[in-house]
1. Need one value: the accessible area of Ile322 in square angstrom, 1.4 angstrom probe, rounded to the nearest 10.
2. Among Glu31, Glu255, what's the order by accessible area (1.4 angstrom probe), most exposed first?
3. How charged is the neighbourhood of Gly41? Take every other residue with its Cβ under 11 Å from the Cβ of Gly41, and add Lys/Arg as +1 and Asp/Glu as -1.
4. Any idea how far the Cα center of region 102-134 sits from the one of region 30-66, in Å?
5. I'd like the GluC sites (Glu not before Pro) in region 36-94 restricted to DSSP loop residues with at most 11 other Cβ atoms within 10 Å, sorted by number.
6. How much of Trp330 can a 1.4 Å solvent probe reach, expressed as accessible area in Å² and rounded to 10?
7. Just grab the label-to-label distance for Asp261 and Ala311, each label 7 Å out from Cα along the Cβ direction, in nm (one decimal).
8. Starting from the amide H of Leu85, placed 1.01 Å from N in the peptide plane, find each other amide H under 5 Å away whose residue is 5 or more places distant or on another chain.
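The values are calculated or read from the model by the stated rules, or taken from the named source; none is laboratory data. As the structure is a prediction and not an experimental result, all values here were calculated from the model. Counting neighbours? That spans all protein chains shown, and the Cβs are built from the backbone with ideal geometry, glycine included. What goes into the accessible areas is simple: the full protein's heavy atoms, side chains included, and nothing from ligands, DNA or RNA. Shrake-Rupley method; radii C 1.70, N 1.55, O 1.52, S 1.80 Å.
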Amino acid sequence: MRHNNKTLLTFSVAALTLGMATAASAATLDEVKQRGNLSCGVNVGLSGFSSPDENGDWQGLDVETCRAVSAAIFGDPDKVVFTPLTAKERFTALQSGEIDVLSRNTTWTATRDNSLGLNFTDTTFYDGQGFMVAKDLGIEGLEDLDGASICIQSGTTHELNLADYFPSRGIDINTVTFDTPDQTASGFASGRCDVLTSDTSQLSALRLQLPEPDSVEILTQLISKEPLGPVVRQGDDQWLDIIKWTVYAMINAEELGVTSDNVEAMKNDPPNPQVARLLGGDGNYGEQMGLGNDWAFNIIAQVGNYGEVFASTVGEDSPLGISRGMNALWNEGGILYAPPIR
């Protein structure tokens with residue numbers, strides 16, 4: 001069969017592209033294994049999501065996500081190096097390769113997903129932008145905020161949401177910007193502004209930092225959708241899959257009733273084929289991602305299922321006491337849903 005030069009060139013470029021893609025597909029996993037730890041970017045300090053305790057150990061929902069990835073890769077949840085990042089720093093740190101994954105209460109948007117060379121993996125917490133005010137102001141709804149000053153963190157989607165919402169409704173506001181959540185809360189507490197705005201989960205955390213938490217309230221109205229979840233660099237599908245399926249394993253485990261307490265027994269005597277596939281007794285789902293087939297077993301045994309992690313970090317067993325709400329499983333009134341392992 002005869003080929004002209006143009007055809008041969010096309011074949012050569014396609015082969016080169018395929019070769020480059022194949023070589024890149026395992027790059028991050030190989031680097032992480034060779035280094036011996038996972039580099040995870042987190043918030044500089046947000047109670048319930050990522051903050052160091054009195055011993056300097058990082059705690060929170062976003063932290064546990066990275067610990068789960070470490071368990072899937074190494075069989076050890078503690079092989080993680082946490083890098084605290086501000087909202088302005090987070091994307092650059094991921095783009096430059098300073099971190100392997102960003103797990104930092106970050107909202108999934110079209111621009112962030114499509115123009116920064118990054119991929120959002122999945123949603124670990126469904127949220128929305130809300131407002132916290134002093135109870136004695138008598139604020140009943142957002143229409144009462146006309147003329148108010150609002151404390152807000154720079155470099156977030158919240159700035160754009162304010163610009164979308166209030167001018168279109170003829171409500172005048174003034175914004176006071178800060179670089180970190182702590183600075184924003186301090187500005188609100190000191191009277192620099194009348195209102196503090198952020199994701200409702202963050203407001204719940206910042207409320208606990210105020211001198212008089214009971215003197216403020218979080219309004220029920222929301223002005224946005226804020227799906228929060230981990231982010232990775234584009235061009236490494238294997239790594240994208242590992243982060244996604246780490247979270248999916250935790251969600252599926254909760255749905256199937258597999259917990260850190262019973263996972264050993266269920267592995268030895270799985271009650272149904274779904275549990276057998278999840279825990280590595282059937283199929284080669286770990287090998288498909290370059291992991292061991294006990295990847296999900298290690299996640300659940302060493303970190304827990306999604307419900308366990310939610311309860312201990314932001315939910316009923318935590319100081320925040322956030323209800324599951326939208327973050328309940330799809331068959332329990334929420335919208336949390338994971339693809340099946342099969």
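1. It works out to around 30 Å².
2. On the way: Glu31 95, Glu255 70 Å².
Per-residue accessible area, sorted high to low, gives Glu31, Glu255.
3. Details: positive: Arg90, Arg104; negative: Asp62, Glu89, Glu98, Asp100.
Result for the neighbourhood of Gly41: -2.
4. Region 102-134 and region 30-66 have Cα centres spaced 18 Å from each other.
5. Values: sites: Glu54, Glu64, Glu89; in loops: Glu54, Glu89.
Qualifying residues, ordered by number: Glu54.
6. 120 Å²
7. 0.7 nm
8. Val42, Asn43, Val44
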